């Protein structure tokens, strides 16, 4: 079986690089933590890898807006490399701060064609509460999405840990377009509501929606389904013992061979299996 | 060079809002009951560079503003811009930093500016500000006062426009904070052949915090003919110190660095028993000796006391370390910056342990004045609610941005912390037992000839005299240079780089730059090789012009001192370049026996290592114990226990801290198993933090703490014992392996040296003696080694009759092994039908209880006196802890909660809140005492557990021989009912408990 090579970015305040590298290894990938500057200086090449992960953290302290400065470094210094990576059909994930970076570089949601143009079309801004918070949310996945990362997922619990997670777009048409394209990959949902909330665009009350995101958006993907970003942290529920209901016997079980597996691991397995299927 | 102004302000429209403005509006409402109709904000940048206004304007939306959500404007202000702000505000306040104060957004903006304008002059700099526009201002609100709630004049500037000036568009614009030039002074020579009065005068005016004996010891040093000869051959003034030397000695000999009170010889008198004793160093006698004795019995105590934190072996592959520090004085003057430097500072202690450990968890414990304090505030200090907000924000930003989860802590309130808040910050570290090159990571390996690098931030005027300043009491004139703001991102980059350097085998020795700056960090490391030579001219500065002594002692943040073998220098520098971390070779280790400091070619300090580290004379002090007098606490004949319960739950010391704690990232690193809040709605209190830091491996670590300052009012010895027992109880509740636990003792005391300004010094020192005697007794009984600790001994404000002294306070932190995190218990009640038991026994101990304080404050009782909880038989308790821990670790018990403030009643209420479920309890048989003592008393050694019917017999078998009393059962109701035999005491809805518990400290003002 081919072992996909995963580049996990770090440096400048990214801080979920260790666990993000670990979860890819658990599902059969080979992770390398790579400092962004190693790609910019040419010491390492993005093209050496099959998957790129931009983990959570506080790149540049979130000053001037979360993900902005990191996004600029990538937009201005790594543009061609990123373009080639996407063109060769390799998946990218941005989690939390990584999602903010991908939105600020313009890779998410991206243009309507499949040619990244590095133009910012959306933003992630301060939570309506004005507070950074760490709390668990329930996510509902869009079954009609072509996103390779979320294949087969329906609903999972995982933590959000952010102060700037409110997804906004400048006008109603852009949002409608995003929805029509099935690029709204994952949304916050009321766990008491058994129905998929994909038709409910009304912003859920705090804390069901922790930030007041438009249309309860928690994560989106680009037109190709290869680039995916989300504010919540699926890597933080790689094991059932990390679920807050674990001591109550209520942590959702996994359907895989790993007995203690948590619900978040499938996202990373999807990308690893996707690469394996192309080899 | 010229200044370009760029401003950004949020766009309005459906779904968009000015969140920063909303937060200010909500806080004014929550803290001061003032309702504004709206508050808007503008973020401003003042760019000092050679890039033209037009070029900057063309790229403003690439950097300074987010075009999706913000408007931007270049070279103008939005103030008066009718398109954006159609209405005239009632008042406008702009807040920016004073010159030279760390401006983190400005630093980040400059970094982004260089990405876009790589050709801009290297001297470019950016300063930031925020402008608040107030609309619908309530009548009689003073704009000056409004401004004062938004900034701290020690570090910030504020520009205010109000009333008519707003109408006429006459805005007061904030300008670029030009740094005044620093004047470089060549080292002065200080004549010490002067009178004793003059010696003291030098110490006081120079903020040296040295007493007469110490000044005389220095005087003697320079009289020694051998020393004079040595100095002559080194080419430095022979018979007197340079200012560099005197400052260096003052920092190294400060109470903060040398712990002179803990090292002193104490003549102790106990007026209660008639005992007379001499204690030669409390530290060596009561802390170090017991730990060293225990080191003989176990093989996992790798490094104790001598390094930046204590290290224990966790398993064959990994070791863990922990350290806790206080940052009280800086937090009093600037709560935000003081607390932030506290947390990022203790992170560096972990990074500086052995050859470098990775910080993986933070703890924080705060002691404040009452958040709703109505009385006077001492000059130069802040209202407790503002201290709480500022300290919390500083710790939140410091921890969250560093990517270190905050997994455990506490907040304690008492009027006396008005004079000085206590800000304890702790960090747990993880390191591989062996590095790839085979060296054991907990052992430093420096040799003469190694090159010493300063890594991370630069040295500035900020942070001069922190160590000596914290060794004095606070006054109105306390200096602003002792206050700093941390820069977590610069530090995070440094941590990433240093851990890579460690794994590449490039580090031979490492320590952090904290109190005393380079003089302490290089000075301490030079003890290993017996000498060093520093060139201060090689130290990178934030601004030119600092004098040699200032460079040597400045405590500017985010710096580590790292030594590297000459052959590894190139690789080390290359790694620094990759991570964009500044690393400058500033010194080398020698074996000359001399702490040798040069500025370029000239020698500015030449101190024997031995004199520097061991020259400080031992203090001799007197202590005298007599029992403090209090009116006894007698509860009323009859009472409504339902009301007592809801009142206790609402007491700040007991009330939920969730709204504050949830703002800390407690889950980064994907390891936190028992989180700070647990239960159905994840809002019940956790007893301790549990983490599984090796991904995929369920082996865990437990981190807990204990603190009980109220008991000091009766006996500081009982206070110390209670703190230790609480930390251990908390850890047992989640299932720690009691045979592998280690502790940290952090003492915060009022000045215990008798003097004119401290007439009761003998008593305060006796309190310290009693606390340490109990610490030794309990730690020996619990096989609990103290592996690291710290003391802060001058926690007083002012002098004379208005002096405020804190209650003597020991924070005891604990870290220990958890064999399998899947068998962790939590405090929330789980299933109807589970049996509830009390492990331990209630005694008649209501003295200094939360109940006694509450009833005394409300006039229902005469005083708080009486029996304070004591640990008469700790060995017996410990064996019951071991049995219970075994029951949890075998999966038999899933629910456990310790009884502390508010006793059994409050503990049961908290368990019901966590489970959102009822329980039926009978406290008959839980102790041979009054109902009051059994229901509300705080006797130590008590834990409530719940066990399923299926595991009941197995639990009882495991607890054979230990005091275990059936309390009742979890019920499928929402009602907590407590009886004492035939007497009904409590019958209350769980939702009412939730409301009382959660209301008091939620000062967020909601989300709307």
Exercise. Going by the structure shown, is residue B:673 crowded, with 21+ Cβ neighbours inside 10 Å, over 18 Å from residue B:367 (Cβ atoms) and away from chain A (no Cβ under 14 Å)?
Worked result: no
Seminar exercise, completed: Checked B:696, B:689, B:706, B:679 against criteria (buried (at least 24 other Cβ atoms within 10 Å of the Cβ) and over 24 Å from the mean Cα position of the chain (by Cα)); the one match is B:679
Problem set entry | All positions within the range B:315-324 that are surrounded by 24 or more Cβ atoms within 10 Å (Cβ to Cβ), more than 19 Å from the chain's Cα centre (by Cα) and over 15 Å from residue B:439 (Cβ atoms) | B:320
Problem set entry | Residue list for the range A:200-233, filter: within 9 Å of chain B (Cβ to nearest Cβ), in contact with a helix residue (DSSP H, G or I) (Cβ under 9 Å, 6 or more places away or on another chain) and under 23 Å from residue B:670 (Cα atoms) | A:233
For this session: Could you tell me whether the range A:141-158 includes any residue that is within 14 Å of chain B (Cβ to nearest Cβ) and either modelled with pLDDT of 95 or more or over 21 Å from residue B:13 (Cα atoms) (or both)?
Result: yes
Exercise. So which of A:121, A:161 ends up being within 12 Å of chain B (Cβ to nearest Cβ) and closer than 18 Å to residue B:65 by Cα?
Worked result: A:121
For this session: Go over the candidates A:132, A:188, A:167 one by one and state the one that is closer than 30 Å to residue B:660 by Cα and more than 14 Å from chain B (Cβ to nearest Cβ).
Result: A:188
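Criterion first (crowded, with 23+ Cβ neighbours inside 10 Å, in contact with a helix residue (DSSP H, G or I) (Cβ under 6 Å, 6 or more places away or on another chain) and touching a residue at least 12 places away in the same chain (Cβ under 8 Å)) does residue B:829 satisfy it?
So residue B:829 fits the description; yes.
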For this session: Could you grab me the full set of residues in the range B:1-37 that are surrounded by fewer than 20 Cβ atoms within 10 Å (Cβ to Cβ), part of a helix (DSSP H, G or I) and more than 9 Å from chain A (Cβ to nearest Cβ)?
Result: B:29, B:30, B:31, B:32
For this session: Provide a single number: the residues in the range B:123-150 that are in a loop (DSSP other than H, G, I, E, B) and within 19 Å of residue B:178 (Cβ to Cβ).
Result: 2
Problem set entry | Qualifying residue in the range B:640-651 (condition: away from every other protein chain (no Cβ under 14 Å), out of contact with any strand residue (DSSP E or B) (no Cβ under 6 Å at 6 or more places or on another chain), outside any loop (DSSP other than H, G, I, E, B) and without any contact (Cβ under 8 Å) to a residue 40 or more places away in the chain) | yes
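Among the residues of the range B:626-636, is any surrounded by 24 or more Cβ atoms within 10 Å (Cβ to Cβ), out of contact with any helix residue (DSSP H, G or I) (no Cβ under 6 Å at 6 or more places or on another chain) and either at negative phi or within 14 Å of another protein chain (Cβ to nearest Cβ) (or both)?
Of the residues in the range B:626-636, the ones surrounded by 24 or more Cβ atoms within 10 Å (Cβ to Cβ) are none.
No.
Out of the range B:822-833, which residues are assigned to a loop (DSSP other than H, G, I, E, B) and within 39 Å of the chain's Cα centre (by Cα)?
B:824, B:825, B:827, B:828, B:829, B:830, B:831
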For this session: Mind telling me which of the residues A:130, A:61, A:42 ends up being out of contact with any strand residue (DSSP E or B) (no Cβ under 9 Å at 6 or more places or on another chain), free of Cβ contacts under 8 Å to residues at least 40 places away in the same chain and buried (at least 17 other Cβ atoms within 10 Å of the Cβ)?
Result: A:130
Problem set entry | In the range A:234-252, residue modelled with the lowest pLDDT [restricted to those that are in contact with a helix residue (DSSP H, G or I) (Cβ under 7 Å, 6 or more places away or on another chain) and more than 8 Å from chain B (Cβ to nearest Cβ)] | A:251
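Going through the range A:66-89 one residue at a time, which ones are at negative phi, part of a loop (DSSP other than H, G, I, E, B) and surrounded by fewer than 24 Cβ atoms within 10 Å (Cβ to Cβ)?
Scanning the range A:66-89 gives A:78, A:88.
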Problem set entry | Tally, over the range B:187-221, of residues that are in contact with a strand residue (DSSP E or B) (Cβ under 8 Å, 6 or more places away or on another chain) and in a loop (DSSP other than H, G, I, E, B) | 3
For this session: Would you mind stating whether residue A:8 is more than 9 Å from chain B (Cβ to nearest Cβ), under 21 Å from residue A:267 (Cβ atoms), within 16 Å of the chain's Cα centre (by Cα) and not in a helix (DSSP H, G or I)?
Result: yes
Seminar exercise, completed: Counting only strands (runs of 3 or more DSSP E) wholly inside the range A:141-258, the ones holding at least 3 residues that are in contact with a strand residue (DSSP E or B) (Cβ under 8 Å, 6 or more places away or on another chain) and surrounded by fewer than 24 Cβ atoms within 10 Å (Cβ to Cβ) are A:155-162
Exercise. Any residue at all in the range B:59-82 that is more than 14 Å from chain A (Cβ to nearest Cβ), more than 24 Å from residue B:165 (Cβ to Cβ), part of a helix (DSSP H, G or I) and free of Cβ contacts under 8 Å to residues at least 40 places away in the same chain?
Worked result: no
Exercise. Has the range B:582-592 got at least one residue that is more than 30 Å from residue B:230 (Cβ to Cβ), in contact (Cβ under 8 Å) with a residue 60 or more places away in the chain, surrounded by 22 or more Cβ atoms within 10 Å (Cβ to Cβ) and in the same structural domain as residue B:526 (by TED's automatic domain parsing)?
Worked result: yes
Problem set entry | Residue satisfying all of: in the range A:259-279; within 26 Å of residue A:92 (Cβ to Cβ), in contact with a helix residue (DSSP H, G or I) (Cβ under 7 Å, 6 or more places away or on another chain) and part of a loop (DSSP other than H, G, I, E, B); farthest from the other protein chains (Cβ to nearest Cβ) among these | A:263
For this session: Taking residue A:25 as the residue in question, decide whether it is part of a helix (DSSP H, G or I), surrounded by fewer than 24 Cβ atoms within 10 Å (Cβ to Cβ) and either within 11 Å of chain B (Cβ to nearest Cβ) or modelled with pLDDT under 95 (or both).
Result: yes
Problem set entry | Qualifying position, being assigned to a loop (DSSP other than H, G, I, E, B) and either within 30 Å of residue B:373 (Cβ to Cβ) or modelled with pLDDT under 95 (or both), among B:905, B:847, B:941 | B:847
For this session: Consider residue B:698 carefully, then state whether it is more than 10 Å from chain A (Cβ to nearest Cβ), in contact with a strand residue (DSSP E or B) (Cβ under 8 Å, 6 or more places away or on another chain) and in contact (Cβ under 8 Å) with a residue 12 or more places away in the chain.
Result: no
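The values are calculated or read from the model by the stated rules, or taken from the named source; none is laboratory data. Keep in mind the model is a prediction, meaning the values are calculated, not measured. Neighbour counts are summed over all protein chains in view; Cβ atoms, including those assigned to glycine, are modelled from backbone coordinates with ideal geometry.
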